[in-house]
Each structure stands twice: as C-alpha cells, then as structure tokens.
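The values are calculated or read from the model by the stated rules, or taken from the named source; none is laboratory data. Please read all numbers here as calculations on a predicted model, not as lab measurements. Cβ coordinates were reconstructed from backbone atoms using ideal geometry, including for glycine residues, and neighbour counts include every protein chain displayed.
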Amino acid sequence: MKDWKRIFEIESDADFEKIALEVFAFQYENCAIYKQYVDLLNRKLPSCIDEIPFLPIEFFKSQEVLSVPKSGKEVLFLSSGTGMIGRSKHLVSNISVYEASFFKAYELLFGNPTEQVILALLPNYLEQGNSSLVYMVNALIEASKNELSGFLLNEFDEIKKRYEKAVNSGKEVVIFGVSYALLDLAEQNMNFKYAKVIETGGMKGRRKELTKAELHAVLVIGLGVDFVSSEYGMTELLSQAYSLKNGVFASPPWMKVLFRDVYDPLTLVSSEKSGGINVIDLANFNSCSFIQTQDLGRKSGHGFVIEGRIALTDIRGCNLMVQ
C-alpha cells in the first residue's frame, strides 16, 4: 500500500471497510507470519471486516511482524517488562505514519499541542527505553514549543510550579502519567483543577492493582479534577483510543475495535456483550493491522469500555484491571 495517507482520510464505515480489505490483501501476501496464520485458518478471502482473521498479539514477542522488506532503518519499540525476553517487539518501518496517527488522534480529543503545556510522569518507560509511549509524548512536548513542557520524575514541587505558570499565562495543561506516578502526585495535596489528566495505566508492581473506577476515584479527589481520561494503546499498535468523562473509549476513524467470543476466538459477539478485544489499526499497514489482544471489553454506544484481562494472561503495562 503506497499511499498510506489515505487511511487518515477515512470518513465512513464504507471507506474503512474498503481500505481494511485492501490492507488485508497486502498483508496476507507480504507478512510471512500473518500469511501462515491465515492459511492455517483457511480464511484467505474475507468479504467484510468481520471475516478478517486477527493475529494473536503474542506473535510480536517471538516473530518480526513486518509486511515490507526489512531495511535496517526501522525504529524498534519494546513493551514494558524485564529484559528482552517476554517483551513485545514492534519494528516500525515508517515512523512518519506513527507520528501522523498519534498527532491526529490526540488533536481530535485533546486539542492542538501548540496551545498547551504538556507534563509527563512516565518514569518506568523512560528507564526501560524503546517506548512508543515516550516517543509519542516527547513529540507532543516538542510540538508544544513551550519551555514549561517536559518529563518530570518525582519532582512534585516542580510539577506544581510549572502548572501554575502555565495556567497564569493562559495555557491549557495536559498531564500524562503512568498510574502509580499519578497516585504519588495525588498524595501531595496539590490541586490541578484546570489540567487535563491522561492516565496510561500500569502499576508496574509498585502499588496494589486497582480497578479503573477505583483509580480514577482516587485521582479525581487527590488532583482536584472533574474527571480523568485514559489512553488505550500498546507497543504493537500505532494508534490510540482515549476515554473522557464517561470512561467510554473513542477510536480515531482509522481504528476499530471488535469483540470476539472468549471461548471461540473466530466468532465475533454482537451488541454490548463482553468479549475479547480485536483491534483493526490501519496505521499498522507495514506490520499487521489485525490484532487479537488479551484484553476484555464490550461495545458501549459508539465507543467501548475495557473490562479487564482474559484469565491466565500477563497483565499488560498499558492497561489496568477494571470492573
């Protein structure tokens, strides 16, 4: 697929399905591990997105999932974890696609970063390196072109100082944070009433796991905000969904979430029944756009909610167990 910019011009479900089927055909022919998987299922000719096979996300741990020839210039993103073993690897052949995806998705819900001060509390991701989340937030920080923006590690007074300067100068403040770092901040008795707070999940073993509802309830009180947003993203994807006040996630037009029967992964569930989350991320066209995650969720209106993890799977760093 040469004209990748088409994916960011999708305006309807019909547009999405047409391009998704084109991407499937391309990836079936060019992504070796995906072709093997599709052949085993004997589902080579889908006529709609409901018939497209979804590659189990675990393959990103053991295989190089690529639909284009390896050039040696790929950007390597690694999931959070210990060492290289057990960490998902995503080779991104065209970083411009990732940048276009996260900038456009962010602007749809949170506005133009050039009008904001962006503060980031992502200590573990910085420590481990090769984080797609750090890459994204750093790009947003640079786009803000504001000296108050930046990564801050356990610098609570500095966070408050920068927040107050930004508010006093008429700038909107956005605070990205991993769950345990936001909890640390919430315990400092500081008020961030005018900030937009986006939690990215992940206690990383530093604190007791909380449901999403419990976490947000603590953060709302501790940070003095009306609500806390969440980001649903992962190393294996180049797009993100975000939740706002109601806790329902919204996806950008080039990303769709479907739900499968937990006991029959080739069968999709309809209406608002809970199921395993399948993601179509058309920004992933150079790797694999059809990913079977180990997250549980259900449809809610025009969006979706996260309900937890499928039993007997590892807790992902970017998602929390939720009710």
Quickly run through region 109-123 and pick out the residues that are crowded, with 18+ Cβ neighbours inside 10 Å and not in a strand (DSSP E or B). 110, 113, 122, 123
Any pair with Cβ under 8 angstrom, 6 or more apart, that starts in region 70-98 at a residue that is over 20 Å from residue 178 (Cα atoms) and among the acidic types (Asp, Glu) and ends at one that is assigned to a strand (DSSP E or B) and at pLDDT 90 or above: 74/91; 74/92
Condition first: under 30 Å from residue 65 (Cα atoms) and of a type in the set (Gly, Ala, Ser). Can you find one or more residues in region 151-171 that meet it? no
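Residue-by-condition table, conditions (1) farther than 22 Å from residue 254 by Cβ; (2) in contact with a Ser or Thr (Cβ under 7 Å, 6 or more places away or on another chain); (3) surrounded by fewer than 20 Cβ atoms within 10 Å (Cβ to Cβ):
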| position | (1), (2), (3) |
| --- | --- |
| 139 | no, no, yes |
| 145 | yes, yes, yes |
| 155 | yes, no, yes |
| 165 | yes, no, yes |
Looking only at region 8-32, how many residues end up being over 19 Å from residue 54 (Cα atoms) and either in contact (Cβ under 8 Å) with a residue 60 or more places away in the chain or surrounded by 15 or more Cβ atoms within 10 Å (Cβ to Cβ) (or both)? 4
Is it the case that residue 215 is crowded, with 20+ Cβ neighbours inside 10 Å, modelled with pLDDT under 95, among the aliphatic types (A, V, I, L, M) and part of a helix (DSSP H, G or I)? yes
Restricting attention to region 224-250, and to residues there that are small (Gly, Ala, Ser) and touching an Asp or Glu at 6+ places or on another chain (Cβ under 9 Å), which single residue is nearest to residue 59 (Cα to Cα)? 239
Residue hits (region 93-104; within 22 Å of residue 242 (Cα to Cα) and surrounded by fewer than 20 Cβ atoms within 10 Å (Cβ to Cβ)) are 95, 96, 99, 100, 103, 104
Would you tally the residues in region 234-248 being part of a loop (DSSP other than H, G, I, E, B), surrounded by fewer than 23 Cβ atoms within 10 Å (Cβ to Cβ) and either touching a residue at least 40 places away in the same chain (Cβ under 8 Å) or of a type in the set (Val, Ile, Thr) (or both)? 3
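Conditions tested, residue by residue: (1) within 14 Å of residue 292 (Cα to Cα); (2) assigned to a loop (DSSP other than H, G, I, E, B).
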{"site": "34", "(1), (2)": "yes, no"}
{"site": "40", "(1), (2)": "no, no"}
{"site": "47", "(1), (2)": "no, yes"}
{"site": "67", "(1), (2)": "no, yes"}
{"site": "70", "(1), (2)": "no, yes"}
